[in-house]
Structure formats: structure tokens, C-alpha cells
Amino acid sequence: MGDQEKKPSIDGYGTGDVGTVDAGPETDIVKILGYQPELKRNRSMFTLLFQSLAIAAIPYGFGGPLISAIYGGGQLPMFLGWIIILIVDECIALSLGELASRYPTSAGPYYWSFQLAPPNFRKILSFITGWTWLIGNWTITLSVNFGFASLIAACVALYHPDFVIEAWQLLLIFYAICLMTFVVCAYGNRLLPAVDTACAVFTAIAILITLVCLSAKAEVGRNSVGDTLGHFDNSLSGWGDFSFFIGILPAAYTFSAIGMVSSMAEECADPAVKLPKAIALAVPVGGIAGLFFIIPICATMPSLEYIMGAPVGQALPYIFAAVMGSPGGGLALTVLILIITFFCSISITVAASRCTWAFARDKAIPVSRLFSKVDVKHGVPIWALVLTTIVQMLLGLINLGSSSAFLAFVSVGVISLAVSYAIPIVISMWHRRKEVNVAPWTLGNTLGWIVNIIAVLWICFETVLFSMPQVLPVDKATMNYAVVVFVGFMALSAVWYVVYARRVYKGPPESDGLKVERT
């Protein structure tokens, strides 16, 4: 950037040497980015923030996979790991916020990759990013809904410890959740911002109730301050001191979908400013709230060996029942988590459907003409929502054959989202951050570089971490097939590209007026 280069005006797309598009407050940023507006703009910065928090769903996001933290050593990775994750994931959120500010569209990461990449590589890079992004959206949504079903099964086990739920029974619960979520998302679009707001309020109330109840009852005793914040048993997972990193998986899972709200860009006025603010605030706001949920659990939880016997691999209801002194007390607190999880299911399904719709709009998926249609009456990309739901239900069948294979989809969701975040961030860094440095919402060059580097390094480590088995020695039941599933998905998308998509997929609109001259 030269000294004469001007900062873009309103929305980030003003006149001068930066861009050629003159945009005022009344200018439709979606049109500037090359698309026709089709979705209703019923989102504000706060409702986008609340949707981000609903997707993170702190009590469920952390509590659902809590058994990993138990095998990972207990309180130290639960507490200290949470703090570490807040720092590194905020770096990802800030990095994504800059990109979303520069190019605020529902196409998200694959649009960013296309605009930032060199002309010779933009088409293929955007296609790879898009499919990675899409797979991440589908599988992380799947993990939420299946985890929801597992929590319900764990509630039954509180009263019937000897009851072993069959795979087909769990599948039916999962299908019921998918269908309920579909109905709400398809026909309640105008109410969804209020739903996200209600989720934020209810989550705060649920965390407060949990804190008070656990602190007051503490039937299995109260741990010392040292044990509450620093107890660490490195013998349970078989990984030795590396168990600490196994223990931070629940925290990493909680904020893994932080970028999904970028798919809501076209449902918000002035998204170039409001969207990045919502993304950037979600981690610190959710992180602080999470401490009020995590610390009481660390202070009152029973021995790690006791928790390892939790049915269906769901530690949280088991801990609640033990600390409250009765199955009824455990169920009461778990019901709060179930309600939050249902909110999460709605919010994350909405975001995943918008991602599907945006990718179909650019002719990148089969039958794109159908899946890019918007139901005018309800303001919803209904067929994209149908596809998102069907894909989940089909993938859920995997659990009938192998629960370990299904668990791989949970890890694939985190890995896919992380890789889709990394690609545009790395491309931006390759071009010395020229585009994001002139975005309406930017960190500036020095801080931006620091944040980007931390984000990319963490994504690299996170990808490896979620590919590893959580327990040693490894057998068919404990093996992590995430890499196999991820490579399989990418191979299928490559076949689709070679066979058909390369002839019809031209990438998103180029929006040359938004380009910054690279020297």
C-alpha cells in the first residue's frame, strides 16, 4: 500500500485508490460483492453475537465431550486449557473478522479465498475451501444433534444404570431432533433472532443455577483450591504428560464453529462492521461466562475414575447426579443443558443451511439450481435446509455399524472448519495483508500479523490433535478415523470437480472494484 492509498469510506468500499466502487450507506453491499439480495435482513450485531453464542452453547459445547477432559487429566486441562483456548481461538475470530469485514457475504471463506488468491489459482482454491467449509458445517451440525441424542440417553441411564441403549434407539432420537430442528428453521425464520436472544438469556440463567446448585450441595465433597484449578492425572489416557492436550479437546470443540456465523452476512444491515464485531466478541463473552460453569464443576466433581464409568460416554449428567446426591437433581440440571442444546441445534442448522445455499448459488454442488432456491414466503433457502438435514440423517446411519467411525465425524467437523479458516488467512498473509488492512474493521498491520500467525499455528496443531486417538493403546474401538473420513470427503469433492463441476463452477463473482492493487 502506498502513502496515497485511502481508507475506504462507509461499509469499507469507498472511492479513491483502494477501490472503484462508490458506496454510501444506502448502497447494497451484497450487490457490490456480485450477488442479488434474496434473504430478509432481520439480524443485528447483537443477534449475530447471540447466534454465535448459541452455536458455541457453552454448557453443552464443553459438557458434551467432557469425558475427553476426564481422560486428559481432570481439572488442570479443564480450567487452564479453557484459558489457553480462549486466547488462540480469539486470534482465529479476529482473523476471520477482518476477512468478513472486507468481504461480508454468506459465501464466507471460499469467497475470501477466491478474492485473495492469484488469478491462476483462485478457482481451484475457492472450490477446495468451499467444500472443506461445507463438510465442516454439515459434520459439526451432525455432532451437535447426535450429542443431543446422547445426552437424552444419558438422562435415562441416571434412573436405569443397567439400561444399555441400542444404536437404533439412539438413531431414532437423533432423527427426531433433526426433524424438529428442520421445522423450526424452515417455518420460524422471522422469530429466529428472538430465539437466539432467548438462548443467550437462558444460558446465562442456566449457568447461574448450575453454579449455585453445585456449590450448595457438593454431596461428594469440595476439592481444595489447588485441586480445583490444578489437579492433573496423566495416567488415564495413556499419553502421559501429553494427556493435557487431550484434556483441552472439549474447550477446543466449544469454539470450533466460531466462523459459521459469517454465513449470516446477507441477513444483516451493514455487515462489514456488525458481522466482524459479533465474531470477535463471541469468544471473550462466551469464555468469561464459561468460567462460571467450569470452575464449580472442577470444585465439586467426584474422582476421575468414578466419572470414567459414565454411560454413553456422557460425563456431565453423571457428575451432576453425583454432586447433587440424586438422579433427580442430576436430571434437573441436565434438562437445562438439553434446552440450551436445542437452541444450539437450531442456530447451527440455520448457519449450515446458509452455507449450503451460498455454495449452491455459485454452482459448486450437485443439483445447484434446486438447492440455491429461496422460499419467498418464509425467507428461507428451504431446499438447502432439506439437503443439510438429509446429509445429517444419512451420516447418522454410520453409528449403526461403528460408534468409533461415527465419532470420527465429530473430529472431522472441527478439522474441516479449521482448515477452511486457515486457507484464506494464509492467502491474505501471503499477500502481506493488503486487502484486510483496508477493511472497515481491521486490526492494523502489526497486531494483525501477530494474530494471524498465532491463528495459523493453532489450526495446524488443532488439526493434528483432533486426528489422534484419545486413549492408548489403540484398538478398533478407540482408533480415531477422522483423517480417513476427511480425506474421503475431499476425494469425493475432487471427483465431482473433475467429472462435472470444473465445467460449470466459475467461482464467486470477481468484484474487481474491491481489489487492492498488489505491488
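The values are calculated or read from the model by the stated rules, or taken from the named source; none is laboratory data. Predicted model only: the values in this text are computed from it and were never measured. Glycine gets a Cβ as well: all are built from the backbone with ideal geometry, and neighbour counts include every protein chain shown. With ligands, DNA and RNA removed, areas are computed over all heavy atoms of the protein, side chains included. Shrake-Rupley method; radii C 1.70, N 1.55, O 1.52, S 1.80 Å.
When peptides 358-370, 87-99 are sorted by average Cβ neighbour count within 10 Å, with the highest value leading, the order is 87-99, 358-370.
Report, to the nearest whole %, how much of the accessible area of the stretch 263-399 belongs to carbon and sulfur atoms, 1.4 Å probe, protein only.
74
Highest mean packing comes first when the peptides 148-157, 394-403 are listed by Cβ atoms within 10 Å, giving 148-157, 394-403.
Summarising the label geometry, the points placed 7 Å from Cα in the beta-carbon direction at Phe461 and Met490 lie 2.2 nm from one another.
Each Cα pair under 8 Å and six or more residues apart adds its sequence gap; the mean of these over the residue count of the chain is a relative contact order of 32 percent.
Can you work out the FRET efficiency for the pair Ala332 and Lys31, with r the C-beta to C-beta distance and R0 = 45 Å, to the nearest 0.05?
0.30
For the stretch 80-141 versus the stretch 340-398, the spacing of their alpha-carbon centroids is 18 Å.
If a paramagnetic tag sat 7 Å from the Cα of His160 along the Cα-Cβ line, which residues of the stretch 312-338 would have the backbone N under 15 Å from that point? It comes to 312, nothing else. Grab the beta carbon distance between Thr446 and Leu172, set R0 = 51 Å, and tell me the FRET efficiency rounded to 0.05. The pair Thr446/Leu172 has a calculated efficiency of 0.40.
Residues Leu336, Leu33 ordered from highest to lowest accessible area at a 1.4 Å probe: Leu336, Leu33. Calculated from the structure at hand, Kirkwood radius over Cα pairs in Å is found among (1) 23.1; (2) 24.0; (3) 27.6 as (1).
Only DSSP H runs of four or more residues enter the estimate; each adds -39500 (n - 2.57), and after division by the residues of the chain the mean residue ellipticity at 222 nm equals -21000 deg cm²/dmol.
Expressed as a whole percent, the accessible surface of the stretch 78-121 that belongs to carbon and sulfur atoms is 81, based on a 1.4 Å probe. Here's how it looks for Val380: its modeled amide H is under 5 Å from those of Asp375, which are all 5 or more places away or on a different chain. A DSSP coil position with no more than 16 other Cβ atoms inside 10 Å describes the following trypsin sites (Lys or Arg not before Pro) in the stretch 163-267: Arg222.
Which whole DSSP H helices in the chain pass both tests: a Cα extent of 27 Å or more along the axis and a mean Kyte-Doolittle value no lower than 0.5? The qualifying helices are 75-102, 122-159, 167-187, 192-217, 271-300, 327-361, 403-430, 445-465. For the stretch 438-502, the carbon plus sulfur part of the accessible surface works out to 78%, probe radius 1.4 Å.
The loop-placed trypsin sites (Lys or Arg not before Pro) in the stretch 408-461, going by DSSP, that have at most 15 neighbouring Cβ atoms within 10 Å of their Cβ come out as Arg432.
Per residue, the chain exposes 37 Å² of accessible surface when a 1.4 Å probe is rolled over the protein heavy atoms with every protein chain present.
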